[in-house]
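Encoded as structure tokens, the structure appears first; notes follow it.
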Amino acid sequence: MSHRTLRCDVLVVGGGMGGVAAALAAASAGRSVVLTEEFAWLGGQLTSQAVPMDEHTWVEQFGVSATYRRLREGIRDYYRRNYPLTARARADLALNPGAGLVSRLCAEPRVGAAVIDELLAPWRSSDRLTVLQPYRPVAAATDGDDVRSVTLEHVSTGDRVEIEAAYILDATELGDLLPLTGTEYVTGFESSAETGEPSAPSEAQPDNQQAISWCFVVDHVDGDQTIDRPHDYDHWRSLQPEFWGAPMLSLTGPDPRTLEQVTRTFTPNQHDDPDGMIADQRASGGDRELWTFRRIAARAQFTGGLYPSDIVLVNWPMIDYLGGTVIDNPDAERHFEGARRQSLSMFYWLQTEAPRPDGGTGWPGLRLRGDVTGTDDGFAQAAYIRESRRIRAQVTVREQDLSIAIRGHGRPARFSDSVGVGMYRIDLHPSTGGDNYIDVASAPFEIPLGALIPVRTRNLLAAGKNVGTTHLTNGAFRLHPVEWSIGEAAGWLAAFCLDRAVDPRAVRSTPRLLEEFQSLLHRSGVELHWPDVEGY
């Protein structure tokens, strides 16, 4: 095993949505950047986790940054350049290749990965950006309240590289740098005594965290594609949490917003009109028909029979893994494997037991599409992570900041130190502590600079889901465009602090510096405020 040392201005650990945005921002600002990622594709939840974009209702008009819009339009242009779209699809400015109902832009994960590579290409070619893959952080060196370096290890070879940087941005999916650097953090549910949140428990529950899910991609073709019965199928087939009201391996479960029992449908390759599939989170979650819910390629959008079937991502509540946490848990790998086994059993159940409209059971023509996920088995490269360690931050966003019911109105939630905007309901999936959905109508919100800054560590910034939110408000901050905006703000902040020889706390506490930084963000295409719209 080799060991080498690199030096840069800004180290971004974690190449998910926040990490990519942070690297783009810091490199654009003229800084030398190292970006590291554990998996084969950059993009995190969009790519290696295979989840199409979860976005707010107004995404086509406003409420995201210019670089996020470049990513979205880049995905559409990639399809226009490389795929035989129908004339109608090609002419559609708001092309949705999958015509899914979870998002206005549902696409295959490999396309997202390709477009991210395009966005980063100029900075990599100019040698301003170095990308290290596949590497994961294993150690850090600190000097008082500063992080001096982070050591990363190659996933396959064990080779190590120590990276010294002026600023360290933690964009990992689970906030992996926080324990390595001694940065104070919280996990799971805080107590109501600490946060004042009406929906919080009376005592903290650090191991009560949102479920992870191991997503997979399917299509449906002629012939019998049935896999071997999983050896632990009976275990998963009998799993029925008390609050769920039905076996997990079924089409029945609670409605996230009402908790009423609902039986979904699942009908492969129905003949729907893609133009009629308009995602609108104000109206519903779009999950009543699971085939179209997270469809990532609608065959009707392409000519010449290119796609023998639609392609669908399975990221449904039935594969939410409730068996244990993966944060600060010595059994984490067992729980990751448990999530995979639950998903494999769900796939087998769909092939053999799922009810069909004709009264029969099972869809044996379903097959796993590993070519779509970049794996051998059809599963995503990584588990879908909803909740991270979260820094003890200068500002913590709480339920009462976002909840329409508590605030008494749905107009935007404002922060004087805004560095971006976001919008999503407080949407928490079932948890390892036995909670059902927690789903709260929320206001559009601004992202406070203070949420990116730890209470103590001076040169480490949160650049993803590890910002200063609570267990509850994490449910609104964890989605693609918000994570991107957090990372983008962190990247610009690190460069701004280096340019002016100030630290992040000074930027937030000094009106002149804060105004200068916010002006820089605005000029760079970052929206800092919402128009007068109301949440849902």
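The values are calculated or read from the model by the stated rules, or taken from the named source; none is laboratory data. Because the structure is predicted, anything quoted here is derived from the model rather than measured. Every residue, glycine as well, gets a Cβ built from its backbone with ideal geometry; the counts of neighbours run over all protein chains shown. The protein model used for the area step is the full one, side chains on, heavy atoms only, and it has no ligands, DNA or RNA in it. Shrake-Rupley method; radii C 1.70, N 1.55, O 1.52, S 1.80 Å.
Taking the criterion of being closer than 30 Å to residue 441 by Cβ and either part of a loop (DSSP other than H, G, I, E, B) or of a type in the set (D, E, K, R) (or both), the residues of region 56-72 that qualify are 56, 57, 58, 59, 60, 61, 62, 63, 64, 65, 69, 72.
Residues that are open to solvent by 10 Å² or more (accessible area, probe 1.4 Å) and within 25 Å of the chain's Cα centre (by Cα) within region 482-517 comprise 485, 492, listed in sequence order. Restricted to region 261-277, and to residues there that are in a loop (DSSP other than H, G, I, E, B) and at pLDDT 95 or above, the residue that is surrounded by the fewest Cβ atoms within 10 Å (Cβ to Cβ) is 267.
Scanning region 167-185 for residues that are among the aliphatic types (A, V, I, L, M), open to solvent by less than 60 Å² (accessible area, probe 1.4 Å) and assigned to a strand (DSSP E or B) turns up at least one hit. Candidates 322, 313: the one that is out of contact with any Leu (no Cβ under 8 Å at 6 or more places or on another chain), open to solvent by 10 Å² or more (accessible area, probe 1.4 Å), modelled with pLDDT of 95 or more and within 21 Å of residue 45 (Cα to Cα) is 322. For region 19-67, filtering for residues that are hydroxyl-bearing (Ser, Thr, Tyr), surrounded by 24 or more Cβ atoms within 10 Å (Cβ to Cβ) and more than 18 Å from residue 462 (Cβ to Cβ) leaves 2. Residues in region 228-252 that are closer than 30 Å to residue 300 by Cα and either small (Gly, Ala, Ser) or surrounded by fewer than 15 Cβ atoms within 10 Å (Cβ to Cβ) (or both): 2 in all.
Just one residue in the set 294, 356 is basic (Lys, Arg) and open to solvent by 30 Å² or more (accessible area, probe 1.4 Å); that residue is 356.
Among all positions in region 463-475, there is at least one residue which is open to solvent by less than 10 Å² (accessible area, probe 1.4 Å), of a type outside the set (Ser, Thr, Tyr) and in a helix (DSSP H, G or I). Of the strands (runs of 3 or more DSSP E) that lie entirely inside region 333-430, those containing 1 or more residues that are of a type in the set (Ser, Thr, Tyr) and either in contact (Cβ under 8 Å) with a residue 12 or more places away in the chain or in contact with a His (Cβ under 6 Å, 6 or more places away or on another chain) (or both) span 418-422.
If only residues of region 419-450 that are among the small types (Gly, Ala, Ser) and in contact with a helix residue (DSSP H, G or I) (Cβ under 8 Å, 6 or more places away or on another chain) are counted, the one that is farthest from residue 196 (Cα to Cα) is 420. Every condition in (1) open to solvent by less than 50 Å² (accessible area, probe 1.4 Å); (2) free of Cβ contacts under 8 Å to residues at least 40 places away in the same chain is met by residue 91 except one, and the failing one is (1). Taking every residue in region 36-53 that is part of a loop (DSSP other than H, G, I, E, B) and pairing it with any residue that is basic (Lys, Arg) and open to solvent by less than 10 Å² (accessible area, probe 1.4 Å), at least 6 positions away or on another chain, the pairs with Cβ-Cβ distances below 9 Å are 52/295; 53/72.
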